[in-house]
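Encoded as structure tokens, the structure appears first; notes follow it.
The values are calculated or read from the model by the stated rules, or taken from the named source; none is laboratory data. None of the values given here were measured: they were computed from a predicted structure. Neighbour counts run over all protein chains shown; Cβ positions are idealised from the backbone, glycine included. All accessible areas refer to the heavy atoms of the entire protein, side chains included, with ligands and DNA or RNA removed. Shrake-Rupley method; radii C 1.70, N 1.55, O 1.52, S 1.80 Å.
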Amino acid sequence: MYVVCKEHVELAIEDFVDEYEDAPDIVDLKETEFSDWDPPVKCAECDKPAQFLVV
Ligand SMILES: [Zn+2]
């Protein structure tokens, strides 16, 4: 699972495919509320706000 900004979403997809050999689901964090989990505030690759969840 990767939490990334818009610029790094493609990188996260590539990493996901390399690791799991399957296409990930992309979740827009702005449109999704998690009842029991707070997603990271920052991108995993840089200091920008996290925007997408790649799972
Ligand atoms: Zn980023």
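Things worth noting here:
- Ligands, DNA and RNA excluded, the heavy atoms of ILE26 present near 80 Å² of accessible surface to a 1.4 Å solvent probe.
- The chain, accessible surface, carbon-and-sulfur percent (1.4 angstrom probe): 47 percent
- The LYS42 and GLU19 beta-carbon pair, evaluated with R₀ = 30 Å, returns a calculated FRET efficiency of approximately 0.90.
- Per residue, the chain exposes 75 Å² of accessible surface when a 1.4 Å probe is rolled over the protein heavy atoms with every protein chain present.
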